[in-house]
Amino acid sequence: MAKKPKKQLDEIEETGEQIVNNETSNRYWLPGSLFVVFVAAVLRLIWLPFKPFHHDEGVNGWFMTNLVRQGVFKYDPQNYHGPTLYYFTLVSTYLFGLTDFAVRFVPAFFGILLVVLILYLRRYIGTVGALAAAMLVALSPGMSFISRYYIHEILFVFFTLAVVVAVLKFMERERTGQAAIGLMSLLLLICLLPGTINFANAVGGANQLVKIGAGLAFFAGEVVIVYFLMRSLAAWNEGRPIYLLLAAASASLTFATKETAFISFGTIAIAIFCVFLWRKLWAEDKNGWSEPIEFSFKNFIAAFGDRQSRIVLIALCIVVFAYVWVLFFTSFFTYPEGVKASFKAYDLWAKTGTKDHADNGLLAYLRWGMKVEAPIFILGALGAALAFWKARHRFAMFAALWGFGVFAAYTLIPYKTPWLALNFLLPIAIAAGYGINELAVSRQMWQRAAAAFLAAIAFGVCAYQAIDLNFYRYDDDSMPYVYAHTRRAYNEMLVEIDRIAEKSGKNNETSIIVASPDYWGLPWSLRNYPNAGFYGQITPTSTAEIVIGKTDQQAELEEEYGRHYQYTGTYALRPGVDLVLYVKKDLAK
């Protein structure tokens, strides 16, 4: 019997190894995925309310309070950030009330979903790569820390990745999954919600019972319409257009979350173009390409189908993008001026982005990143090097260019805040996962051992730093991501205010004068005290039970309030701002 050539034997051996590796990876994929998501959920949800609200959280909380209690939100470009955060929080406040947990649950929830979304990249960065990248994001000190903040950034990063994943799924040309159909159905129902509300108000008038009945009947009709519409979409090219419609909606939601979307999508476009150039310059017959789809513009266009399908689908995407944009910026058609204001925000941000308002310096992100995200940065650089050296995986090259491209963009922009780092940390973590995967699936034992060692060290360091930052040093200014955070002593002041309010017998009806010009955080914390007044200056009173001032006002406070009030303590608000508490003398005893 003739012996097989060595090259053929090597190919047979490599194919056998791939089959064994695939069987092993499939066996551990589901439990591994569940474990990663569990870790992400624990880090983001446990003890969520215990940290005092940051200045920016207090501002967002004030907007949210007005929306819940008065049903009003008017997008103001001076505030810079869009309305999505507040309208998603409406659902959470309906379930949990207007509480610290309810509002912080929204970014925490999207932080968990972000980890889930990374797992959908399994076909592009490998089983080990997807699990490793998801775990790095789950354990990332910055990702977990900002997921516990009531600000826009995590939603923004999630919607950006959602665009990328949806476009990839569209290009794969496989039948649409149930998750995508469910998300599109939910999106359509959200889009139809204003019609339900308007119909219910028109029919029910002041009668609440009739209003609810009319709304439910109208909504039931909309559910039927959505059902048949989704059946039609699912039958069109096996439902693939649904993915592109989700991409259009996610892109619109990204812009409706933060005005910096143009930086992210601009960098993504540049990264795609660079991969295209690399592909043209590199000899494909030397290495070949190893991916489930051809990651190219040609394949993207081919996924549309014939010319008529292409025209209809592009038109639908434009309609979805525009409708979602208008829906949120007009506060569900209650504030038409919001559309014009949404464009004005870019002019305002262009001026803000040219200022380094905190003197962080050019290398701030590199300095911050290497202090608390070093494993992700180092492994991301390794993944990028492997991607371009092997030149076999277009998506890995794209992720590396996307990550380090956004890093370069935000480094060059003078305006720097720690949470902006999440925009490049995500794709760099994806590149890091790819790097671990390439070592883990190698035929060389030392490379597989290196993959296990590097992953274990990275996970251990990230876990330690995430726990340290989130639960111990969350108000330590020496830590990156801690950005003029409210001091933990602030919570002690709130406890004292509640104690005095109870002692007065007035409880939540207690009158509070806030004379300090620096008070953000307090409007949210004192939201249940309707008689709290935020004056920002010394205001004559002899009837309020509590007065809150600032230490540099103390001489004036003593002069104005010393006769009727007694100083009871000083409490740190944030770096450089200390609040003083004055209480009526009969209550201070």
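The values are calculated or read from the model by the stated rules, or taken from the named source; none is laboratory data. Keep in mind that what you see is a predicted model, and the values were worked out from it rather than measured. With ideal geometry, Cβ positions are generated from the backbone for all residues, glycine too; neighbour counts draw on all protein chains shown. For accessibility, only protein heavy atoms count, side chains too; no ligands or nucleic acids. Shrake-Rupley method; radii C 1.70, N 1.55, O 1.52, S 1.80 Å.
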Note on the chain: contact order normalised by length, alpha-carbon pairs under 8 Å, 6 or more apart, percent, works out to 17 percent
Charge-dipole axis of the chain as Lys and Arg at +1 and Asp and Glu at -1 on Cβ define it, positive-most pick from 474, 224, 55
224
Near-label residues of segment 36-70 by backbone N, under 16 Å of a point 7 Å along Cα→Cβ of residue 498
47-53
In this structure, the FRET efficiency calculated for residue 568 and residue 508 from their beta-carbon separation, with R0 = 25 Å, to the nearest 0.05, is 0.80
Evaluate the charge dipole of segment 29-134 about its Cα centre and quote only its size in Debye, nearest 20, assuming +1 on the Cβ of each Lys and Arg and -1 on the Cβ of each Asp and Glu.
260 debye
FRET efficiency for residue 310 and residue 265, using Cβ-Cβ distance with R0 set to 25 Å, rounded to 0.05
0.70
Rounded to the nearest 500, the 222 nm mean residue ellipticity computed for the chain from DSSP H runs (n ≥ 4, each -39500 (n - 2.57)) alone is -22500 deg cm²/dmol
So the pair-distance distribution of segment 96-194, from every Cα-Cα distance in 10 Å bins, comes to percents of 14, 38, 35, 12, 1
Cα-centre dipole for the chain with unit charges at Cβ (Lys and Arg positive, Asp and Glu negative), debye to 20:
1520 debye
Kirkwood Rh (inverse of mean 1/r, distinct Cα pairs), segment 19-178, angstrom:
17.2 Å
So which trypsin sites (Lys or Arg not before Pro) in segment 36-109 end up in coil per DSSP with only 12 or fewer other C-beta atoms within 10 Å?
none
Can you list which of the DSSP-assigned H helices in the chain have a Cα extent of 20 Å or more along the long axis and an average Kyte-Doolittle score of at least 0.5?
100-119, 153-172, 178-204, 208-235, 240-255, 261-281, 307-329, 374-390, 394-412, 422-440, 445-471
Isotropically averaged projected area of segment 71-141, using the convex hull of Cα atoms (one quarter of hull area), nm²
6.7 nm²
On full extension of the chain, what length is gained from residue 50 through residue 34, given 0.36 nm per residue of separation minus the C-alpha to C-alpha distance?
3.1 nm
Positive-end residue of 537, 504, 303, charge dipole of the chain with Cβ unit charges
303
On a C-alpha basis, how far is the centre of segment 78-141 from the centre of segment 457-504 in Å? Whole number, if you could?
21 Å
For segment 329-463, with every protein chain kept in place, what is the accessible area per residue (1.4 Å probe, Å²)?
40 Å²
Could you check how much of the accessible area of segment 393-478 is carbon and sulfur, as a whole percent, using a 1.4 Å probe?
70 percent
Could you check the spin-label model distance between residue 554 and residue 385? Points 7 Å from the Cα along Cα→Cβ, value in nm.
5.6 nm
So, R0 is 22 Å and r is the distance between the beta-carbons of residue 197 and residue 224; what FRET efficiency does that work out to, to 0.05?
0.75
Which value, in debye to the nearest 20, gives the size of the charge dipole of segment 412-534 about its Cα centre, when Lys and Arg are +1 and Asp and Glu are -1 at the Cβ?
340 debye
Cα-based Debye curve of segment 452-589 sampled at q = 0.15, 0.17, 0.19 Å⁻¹ gives log₁₀ I(q)/I(0) of -0.73, -0.88, -1.05
Considering the convex hull of the alpha carbon atoms of the chain, report its projected area averaged over all viewing directions, in nm², one decimal.
32.5 nm²
Among 431, 171, 132, whose Cα projects farthest towards the positive end of the dipole of the chain, with charges put on the beta-carbon of Lys, Arg (+1) and Asp, Glu (-1)?
171
Provide the gained length on full extension for the span residue 94 to residue 322, in nm with one decimal, where the gain is 0.36 nm per separating residue minus the Cα-Cα distance.
79.3 nm
Along the Cα→Cβ direction, 7 angstrom out, place labels at residue 473 and residue 42. What is the inter-label distance in nm?
2.2 nm
In square nanometres, what is one fourth of the surface area of the convex hull spanned by the alpha carbons of segment 431-522?
9.6 nm²
Take the residue pairs 51/503; 51/550; 258/344; 506/585 and return only those whose Cα atoms are more than 18 Å apart.
51/503; 51/550
A convex hull over the alpha carbons of segment 145-292 yields, per residue, a volume in Å³ of 167 Å³
What nm value, rounded to one decimal, do you get for the distance between residue 116 and residue 464 when each label is placed 7 Å out toward the C-beta?
3.3 nm
